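Dropping the structure in here first, questions after.
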Amino acid sequence: MQNRENSMSENALRNIDLNKVPKHIAIIMDGNGRWAQMRGMPRTMGHRAGVEALKRIVKFCHKIGVKYLTVYAFSTENWKRPQSEIGILMSLLKEYVRKQLDELHTNNVRIEILGDLSPLSADVKEAIYYACERTKNNSGLVFNLALNYGGRAELVNAVKQIVDDVQKGKLICSEITENTLEKYLFTKNCPDPELLIRTSGEMRLSNFLLWQVAYSEIVVVPECWPDFNENSLVEAVRIFQNRERRFGGIKKVEQTND
Ligand code: IPE
Ligand code: IPE
Ligand code: MG
């Protein structure tokens, strides 16, 4: 089965230009609950299956040369869910980080966190901090886990720090630029994602990377996250590679024709 899947994704790879794979891919991993419910299972089974999808996708991104992968694991709004579901999500996360750490480290992956970990329980924080610390000098794929992350909270946090630095005389208000603000975001060390993928067909950002996706290409796929596999990722990259990115300008041909 694994071999067959490998050769399927090898075939799919012919559909994309491996020299033009996005440097940074961001994913809203959505639809775990629906995936489970469609199968008559509790939502938590969907989250378990979602972890398996995540393992495959991280490996595959490393393989095709993606430099940054950012996944939305838990939003600032996900605290509204039942305590039992939050508990399962947190323990799955801890288990994932603990069990995958050796392999991620061997593959030269650097784990980073986007979000405010302070409300998380001590054991979850400990597992995450340890993983970040252990992989901090790795130079391969940067794997950003957006955890208790919200785009609005990130911007509020940035504004507070900027005001603080202005008051301390470290920054001059009139000299603040877009680049300055970027340095205060959780993503200060990464370029903006060229490609944003959302699974399960939902057409919204749900407070994910509001600043950073200003010019990202958005690809929404119908499959729920647990069904998202290597082929789905290749297909999203293929769609991305067929898009024309203009960044507010006009086509090159139109420019030379006038
Ligand atoms: C995404 O799947 C996982 C998290 C938000 C943590 P959902 O749990 O949102 O699944 P649906 O969207 O309800 O199907
Ligand atoms: C976004 O999915 C958050 C994560 C994938 C972690 P949600 O399921 O929470 O988003 P909404 O509620 O459908 O907008
Ligand atoms: Mg959802």
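The values are calculated or read from the model by the stated rules, or taken from the named source; none is laboratory data. If you're wondering where the values come from, they're calculated on a predicted model, not measured in any experiment. Every residue, glycine as well, gets a Cβ built from its backbone with ideal geometry; the counts of neighbours run over all protein chains shown. Surface accessibility is based on the protein's heavy atoms, side chains included, excluding ligands, DNA and RNA. Shrake-Rupley method; radii C 1.70, N 1.55, O 1.52, S 1.80 Å.
Looking only at the range 166-203, count how many residues are surrounded by 15 or more Cβ atoms within 10 Å (Cβ to Cβ) and of a type in the set (D, E).
3
Would you confirm whether or not the range 125-134 contains a residue that is touching a strand residue (DSSP E or B) at 6+ places or on another chain (Cβ under 6 Å) and in contact (Cβ under 8 Å) with a residue 60 or more places away in the chain?
No - not one qualifying residue is present in the range 125-134.
Now a separate question. Quick one: what pairs do we get from the range 89-118, first residue open to solvent by 50 Å² or more (accessible area, probe 1.4 Å), second outside any helix (DSSP H, G or I) and among the basic types (K, R), C-beta under 7 Å, 6+ apart or different chains?
Filtered contacts from the range 89-118: R110/K136.
Let me ask something else. Assess whether K170 counts as being in a loop (DSSP other than H, G, I, E, B), under 20 Å from A73 (Cβ atoms) and modelled with pLDDT of 95 or more.
On the way: in a loop (DSSP other than H, G, I, E, B): yes; under 20 Å from A73 (Cβ atoms): no; modelled with pLDDT of 95 or more: yes.
It is false that K170 is in a loop (DSSP other than H, G, I, E, B), under 20 Å from A73 (Cβ atoms) and modelled with pLDDT of 95 or more.
Same structure again: Residue pairs, Cβ under 8 Å, 6 or more apart or interchain, first in the range 221-249 and without any contact (Cβ under 8 Å) to a residue 40 or more places away in the chain, second among the charged types (D, E, K, R) and open to solvent by 70 Å² or more (accessible area, probe 1.4 Å). List them.
V221/E235; E244/K251
Every residue, every condition in (1) part of a helix (DSSP H, G or I); (2) in contact with a Lys or Arg (Cβ under 7 Å, 6 or more places away or on another chain); (3) aromatic (F, W, Y), yes or no:
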{"position": "L185", "(1), (2), (3)": "no, no, no"}
{"position": "K188", "(1), (2), (3)": "no, no, no"}
{"position": "D192", "(1), (2), (3)": "no, no, no"}
{"position": "S200", "(1), (2), (3)": "no, yes, no"}
{"position": "N207", "(1), (2), (3)": "no, yes, no"}
{"position": "P226", "(1), (2), (3)": "yes, no, no"}
{"position": "A236", "(1), (2), (3)": "yes, no, no"}
{"position": "F240", "(1), (2), (3)": "yes, no, yes"}
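Collect the residues in the range 55-81 that are part of a helix (DSSP H, G or I), within 15 Å of ligand 1 (Cβ to nearest atom) and crowded, with 22+ Cβ neighbours inside 10 Å, keeping them in residue-number order.
I57
Can M45 be described as assigned to a helix (DSSP H, G or I), open to solvent by less than 40 Å² (accessible area, probe 1.4 Å) and within 16 Å of ligand 1 (Cβ to nearest atom)? Let's see the steps before the verdict.
Working: assigned to a helix (DSSP H, G or I): yes; open to solvent by less than 40 Å² (accessible area, probe 1.4 Å): no; within 16 Å of ligand 1 (Cβ to nearest atom): yes.
Answer is no for this residue.
Okay, next question. Please go through the range 12-42 and give me each residue that is in a helix (DSSP H, G or I) and open to solvent by 80 Å² or more (accessible area, probe 1.4 Å), ordered by number. Even if it seems obvious, please write down each step before you answer.
Filtering the range 12-42 down to residues in a helix (DSSP H, G or I) leaves 12-15, 18-20, 32-38.
Correct list: R14, N15, L18, N19, K20, R34, Q37, M38.
Determine if the range 241-251 includes at least one residue that is modelled with pLDDT of 95 or more, under 30 Å from R34 (Cα atoms) and within 16 Å of ligand 2 (Cβ to nearest atom).
no
Okay, residues lined up against (1) open to solvent by less than 10 Å² (accessible area, probe 1.4 Å); (2) out of contact with any Phe, Trp or Tyr (no Cβ under 9 Å at 6 or more places or on another chain); (3) of a type in the set (D, E, K, R):
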position	(1), (2), (3)
A153	no, yes, no
V156	no, yes, no
F208	yes, no, no
E223	no, no, yes
R243	no, yes, yes
K252	no, yes, yes
